[in-house]
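Read-outs: derived from the displayed coordinates by stated rules, not from any lab. Everything numeric here is computed off the predicted structure, so don't read it as measured data. Cβ placement follows ideal geometry from the backbone for every residue including glycine, while neighbour counts extend to all protein chains displayed.
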């Protein structure tokens, strides 16, 4: 079975998620600077989530690029990932509207954690379908980023009980880790372009 | 006429439906555990609908895969299916926000029933266009799932007058029936990959 | 320049329009039959608009199928059509929520009228680019439906001052006119499949 | 790496942005002419933003047409552009709902300015990847429109302190500048169709 429709459907869902978050930026009914001030935390949480969805789209794009065929289990592993990603607008809005209070910040971390686990399950499923000698397996390698991220999310969730800004710092840190260009799959494809 | 744009349009509509449901998860204006508690039924009904839309996308994907051409009647049969699926976010939100009250639970069942009938009409139309010897006809076979589902939905709608949780259990049961991998079309394509 | 991205973008916009209309179906906060009663006019106007957007998607699909290339003017003629179609959710919601009052019913007719004119301009532009001997010109023929529809919309807009149900009847009539399968382009393509 | 998914994702996001703006057109709860009067500034700001997003889609379409491959940096430059464009519905709604007050009009200009800068960065990145002899570089040429637009936006932002209509006139002027057909890339492709 082809991967075209899987990519098209995922692109559609990710495009909607990334754009729908802006709907949480409620239009203020007055035109004062105070209105803008109240928007700042919502805006910042929107930027962070935009970067996260961008990272997922980017990595998803690369991973599917190294894939030859998809089966039913892959479709469901992909839908499972999209489910957790579709909670981003909700978690983002809740966190931003409550000015980074502890509980919404922890909830945001849970959504990040579940999305990371879902991504890892999808990757595992694809590697299982393509074999340990596949381009994908070599591209992923030891996958230290994929292993470190859930641990950092867990740490951040714990930190919210103590200091919410430490948790936010960890969320930003993980985003930066992934923003550093990841040339693994591009390189593996270059060595084995078949 | 090609099936590419039909697939692209359906993917677009399904991607929007599955993502728009999350908008029914209204961001609570406080940051307490109580706020989360009130969200639970909304969240659970969202998960159920997400799985249902996922099943429809999956099956639609498989069915169109076995199809060679589409005509005007097929386009309208497909739009009819999309119409009932587009009512999922509304039915889901109404059911979740009223904590699975009898009337919204029955309404949810009606939407499930109409979507199942619309899917069956689309399948019938495609088989009629491709002939009884087609890959699609052999793949669908006796279609016991497609025949049992509307009956189970009808039973659930009736049960809402008596016990709403029995109805919910039936909705979950039908979803599980379809989640069990359905290799019919994949197998039929393997035997006749032309 | 290829027509693929024009089709993809139009499909995206139409998919969003058709799905977003359901957001006008506000989830009622109670679970009674009275809540359902109030929804009926909104639901009926949603069904009518769903059919109209379906007709536009169908015809757009057929028209683009007979097209070879697109230029800048075509892109803008297409965007102009999408602009008027994007007002459907608004006009639909306003009409449904006010139980088919005269002014919103007339406004709905104006949006229908402008969309019909925009479609006619796009068709004219495409025929101009492909020549009077093109498949598209022969497929469109005398285009009596395209010429009658704006007149019927105008009549309906006038009728709202007298009887709003007469106007609604005209809207339904035009939709039925277009729902009758239009095999012109399919036939023209069959005679000249080059 | 192919550019297909980049185009598909961008088309998806742009289609959602252009359609979501209509959600800012809140359905009035009465059916009087007064309701329509209040809508006029919202409607006019919607038209302006629709034209702007249309221009961006058009130019993006042309630019990607002249591109052969994309890398990770291009993906992020593209996401950066989409980020600023995704703020259009918010900025449009804020400006329209406050009847073109000074602060929201200036904020609208800032979003236009940032989007223009993001577009310029994407263009620069693509030219850097394709070389100074590329079709794209010749197509862009001296790019006086791309250079003049940010200056005009800056002027408009300054003018809001003095006269908000002068700023609006500049926004309309820049849109008209870009609406004049830009045949540069089409011509460059014709001379060098390889």
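Results, tabulated for the structure shown:
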| item | result |
| --- | --- |
| Degrees, to the nearest 10: C:164-179 long Cα axis against longest axis of chain C | 30 degrees |
| Calculated on alpha-carbon atoms, Rg and Dmax of the stretch B:8-152 in Å | 17.5, 60 |
| Label-point gap, in nm, between residue C:102 and residue B:154 - each point 7 angstrom along Cα→Cβ | 4.8 nm |
| 7 Å along Cα→Cβ, label-point gaps from residue A:4 to other copies, nm, shortest first | 0.6, 0.6, 0.9 |
| Cα pair distances in the stretch B:122-166, grouped into 5 Å bins until the bin that holds the longest one, percent each | 5, 20, 19, 14, 11, 9, 9, 7, 4, 0 |
| Helix C:144-159 vs. chain C, principal-axis angle (Cα, 0 to 90°, nearest 10) | 20 degrees |
| Peptides ranked, highest mean first, by Cβ atoms within 10 Å: ranges B:141-152, C:112-123 | C:112-123, B:141-152 |
| Tail weight of P(r) past 18 Å, computed on alpha-carbon pairs of the stretch A:69-186, percent | 57 percent |
| Relative contact order %, chain C, counting alpha carbon pairs below 8 Å whose residues are six or more apart | 24 percent |
| Dimensions in Å of the stretch D:50-130 - Rg and Dmax from alpha carbons | 14.3, 45 |
| Inter-label distance for residue A:166 and residue C:162, nm, one decimal - labels placed 7 Å from Cα along Cα-to-Cβ | 7.8 nm |
| Computed [θ] at 222 nm, deg cm²/dmol, chain C (DSSP H ≥ 4; -39,500 (n - 2.57); rounded to nearest 500) | -26000 deg cm²/dmol |
| Cubic angstrom per residue, convex hull over Cα atoms of the protein assembly as shown | 169 Å³ |
| Near-label residues of the stretch A:51-95 by backbone N, under 12 Å of a point 7 Å along Cα→Cβ of residue C:23 | none |
| Copy-to-copy label separations for residue B:41, where each label sits 7 Å from Cα toward Cβ, in nm and ascending | 3.0, 3.0, 4.2 |
| 7 Å along Cα→Cβ, label-point gaps from residue D:154 to other copies, nm, shortest first | 5.1, 5.1, 7.2 |
| Rounded to 10°, Cα long-axis angle of helix C:102-130 versus longest principal axis of chain C | 10 degrees |
| For the stretch A:147-182 and the stretch D:49-124, distance of Cα centres in Å | 30 Å |
